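*Asks:* Structure in structure tokens, see below.
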Amino acid sequence: MLPVGTKSLGELDLDVKETRLVLRSPMYKIGLPLPHKVNPNKGNAKWDGGKENLRISLPVIRDGEVVIM
């Protein structure tokens, strides 16, 4: 389910940095620290309407190497 007050997926804004993820909707903002550094340029996000969830995949950076988990 989309957050309350959100009429479409296009109203959501996902911002990913190396150590933080922020998701904004018209009424809500959630900021999450990430447990490992990630490459924000290599990740992807996909909405599953059947399960009503957003799946975010981000490659982890460890000691200068990207690790796909």
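*Asks:* Within region 1-16, is even one residue part of a loop (DSSP other than H, G, I, E, B), at pLDDT 90 or above and of a type outside the set (Phe, Trp, Tyr)?
*Replies:* The initial filter retains those residues of region 1-16 that are part of a loop (DSSP other than H, G, I, E, B), namely 1-8, 12.
Right, trim to at pLDDT 90 or above and you get none.
The answer is no; no qualifying residue exists.
*Asks:* Hey, among Arg20, Arg24, which residue is modelled with pLDDT under 95 and basic (Lys, Arg)? Write out each step before concluding.
*Replies:* On the way: Arg20 fails: modelled with pLDDT under 95.
That would be Arg24, the only listed residue that is modelled with pLDDT under 95 and basic (Lys, Arg).
*Asks:* Same structure, new question: Filter region 19-51 for residues that are under 17 Å from Val4 (Cα atoms) and assigned to a loop (DSSP other than H, G, I, E, B) and give the result.
*Replies:* Ser25, Pro26, Met27, Tyr28, Gly49, Lys51
*Asks:* Taking the residues in region 42-53 that are modelled with pLDDT under 85 and surrounded by 10 or more Cβ atoms within 10 Å (Cβ to Cβ) as candidates, determine which candidate is nearest to Gly10 (Cα to Cα).
*Replies:* For region 42-53, the residue satisfying everything is Trp47.
The values are calculated or read from the model by the stated rules, or taken from the named source; none is laboratory data. Because the structure is predicted, anything quoted here is derived from the model rather than measured. With ideal geometry, Cβ positions are generated from the backbone for all residues, glycine too; neighbour counts draw on all protein chains shown.
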